[in-house]
1. Since V259 meets every condition but one in (1) within 16 Å of the ligand (Cβ to nearest atom); (2) part of a strand (DSSP E or B), which condition does it not meet?
2. Any residue in the stretch 235-243 that is more than 21 Å from T391 (Cβ to Cβ), touching a strand residue (DSSP E or B) at 6+ places or on another chain (Cβ under 6 Å) and modelled with pLDDT under 95?
3. Before we move on, is D222 farther than 27 Å from L351 by Cβ, in contact (Cβ under 8 Å) with a residue 12 or more places away in the chain, surrounded by 13 or more Cβ atoms within 10 Å (Cβ to Cβ) and within 16 Å of the ligand (Cβ to nearest atom)?
4. Does the stretch 413-436 contain at least one residue that is surrounded by 21 or more Cβ atoms within 10 Å (Cβ to Cβ), free of Cβ contacts under 8 Å to residues at least 40 places away in the same chain, in a helix (DSSP H, G or I) and in contact with a helix residue (DSSP H, G or I) (Cβ under 7 Å, 6 or more places away or on another chain)?
5. For F482, state whether it is closer than 18 Å to A444 by Cβ, aromatic (F, W, Y) and touching a strand residue (DSSP E or B) at 6+ places or on another chain (Cβ under 7 Å).
6. Using the structure shown, decide if E227 is assigned to a helix (DSSP H, G or I), away from the ligand (no atom under 16 Å from the Cβ) and modelled with pLDDT under 80.
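The values are calculated or read from the model by the stated rules, or taken from the named source; none is laboratory data. Treat the numbers as computed from the prediction; the structure is a model and nothing was measured. Heads up, the Cβs are rebuilt from the backbone with ideal geometry, glycines too, and the neighbour counts pull from every protein chain shown.
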Amino acid sequence: MNEKPKVLIVDDRIRNIIVLEEMLADLDIELVRASSGKEAVEKTKSTEFGLVLMDVRMPGMDGFETVEMIRADPLNELLPVIYITAFYNEDYYRVKGIKTGAVDFITKPIIPDILIGKVSVLMKLYQQRKNLEEEILWREQIEKDLKKAKDLAEEATRAKQKFLSTMSHEIRTPLNAIINTVNLLREEDPREDQMDSMEILKFSADSLLQIVNDILDFSKIDNGKIEFETVAFEMRKLLNVVSQSFDYEVSRRDLDMTVRIDESIPPVVVGDSARLTQILINLTGNAVKFTEKGSVAIEVKPFKRHNSRIDIEFRIIDTGIGIPKDKIKMIFESFTQASSSTTRKYGGTGLGLAITQKLVELQGGKLKVKSQVNKGSTFSFTLPFLLSDKTRVEDDALQKASFHSLNGLQVLVVEDNLVNQKIVSKYLTKWEAAFDIAENGRIAVEMVKKKRYNVVLMDLHMPEMSGYGAAQKIRAMKEDHFKNLPIIALTASVFLEDREKIFKFGMTGFITKPFDPKELFWTIAPFLKK
Ligand code: ADP
């Protein structure tokens, strides 16, 4: 604030005003005159003053009345006033003065030092208040700006997430068709040269699906929309599965792959085996990818034992290209790789480590890395697991069993997409199940009335009537058969809300697309009545 603070001098006699002005001439303030109460009230309406020096006795409106009028304006409610009066000792004036909120009295004849002293103290206070007010305004502005920036950032994050999940879903649907078609073709005795092309097609489609899943996974984790499971599993078996999944890659290179698991690790522990597999596959996958020759080892040791819990340390050690010191921090960020030539040479999206780190941290661990260029890298982390007295876990029926004939099973496939219809039909034919196809929910509702199906496979998004609508209609039908008829949703969504919705509409379960033939088989097989 560069303007000088203003002081209003009110007196009906110009001579008195001039005397005051001379006394205050050395102060850094601007003096404004008013020769009547009325003029004073008007001036305070249009100008901001820091102080009023008010003569008490004036013709017309006296000083007290004038102050009452001035203070009636909410903006001037607290405007300080010094009354200049010869009658200071008269009680009447004192009481009236204080009632109107007087700050001070100066009696005539005025002693210059007292006037100057009082005015400068009040002006200093005024100045301080102004500074504070300005600071508050400034802070309010900053707060507003901050909130705006935060809103914008949140909006951008929401838009990013929405974009990522919509895009991934849109890509998953046609990918689903590609992968399933390749799976079918491979089972139709192709020529050897065709088989090779199909392997390439399958490999590419699988990697594309992996990327899309990574993106979805990442946006889910970023959103905090992730829950960890607690299932009992055999640690040694899990590690074998992880290492076996790199057999092909390892055999193509001059690589040694070992799993070293400490003897004191219990056979069965309880935790999220699927997420652990994902973490280990990401880290081991990188180790294999970035190691041309030498070895990749997975080491598993107990870190700390508690009463009912064990913290286990995992180390993935490779003798590969290593990571330069200045790049170590960077590689954990999403979509970043140690060198821009990495994508060209090794592929990948740079999401693996960002996801892995989050998955480890969300379970209470920390992902660490030690690396030396051209010598190799070691990634390590510790995760807690609950102890179990079991020594083995029954194999998942899904993995173990082989297909058998579904002869006698009556299936209704409700699906509007032609490619998906074909894929499901081919599998059902192969498994010798009988089936009909309904192109939308409305037709499905009609068809279940006419024939006793054992199970309905229900796509969710269809024209005319959605899968949700159809399921609801079927459940509302009178006979018990319709209340118990198994309805399995076919969904491309991996979101928890969507899955909850499936059950809310009375469906029995769901299969995610692109579906795994094994999963489809084992979901519908139990409905074959023997
Ligand atoms: P991606 O492997 O898809 O590129 P990641 O997030 O898994 O993405 O890894 C990010 C980067 O970290 C890799 O591109 C690579 O530069 C570096 N990196 C990760 N693991 C290793 C490793 N074991 N050896 C050397 N470099 C690695």
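1. Every listed condition holds for V259 apart from (1).
2. Yes, the stretch 235-243 contains at least one residue that is more than 21 Å from T391 (Cβ to Cβ), touching a strand residue (DSSP E or B) at 6+ places or on another chain (Cβ under 6 Å) and modelled with pLDDT under 95.
3. The answer is no for D222.
4. no
5. No, not satisfied.
6. Values: assigned to a helix (DSSP H, G or I): no; away from the ligand (no atom under 16 Å from the Cβ): yes; modelled with pLDDT under 80: yes.
Here the answer is no, as E227 does not meet what is asked.
Listed here are the residues, each with its yes/no results for (1) in contact with an Asp or Glu (Cβ under 7 Å, 6 or more places away or on another chain); (2) more than 9 Å from the ligand (Cβ to nearest atom); (3) modelled with pLDDT of 90 or more.
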position	(1), (2), (3)
F303	yes, yes, yes
D311	no, yes, yes
P324	no, yes, yes
T336	no, no, no
L367	no, yes, yes
E394	no, yes, no
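Residues are listed down the side, and each one gets a yes or a no for (1) among the basic types (K, R); (2) crowded, with 17+ Cβ neighbours inside 10 Å:
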{"position": "G37", "(1), (2)": "no, yes"}
{"position": "K43", "(1), (2)": "yes, yes"}
{"position": "S46", "(1), (2)": "no, no"}
{"position": "F49", "(1), (2)": "no, yes"}
{"position": "M54", "(1), (2)": "no, yes"}
{"position": "G60", "(1), (2)": "no, no"}
{"position": "L75", "(1), (2)": "no, no"}
{"position": "L79", "(1), (2)": "no, yes"}
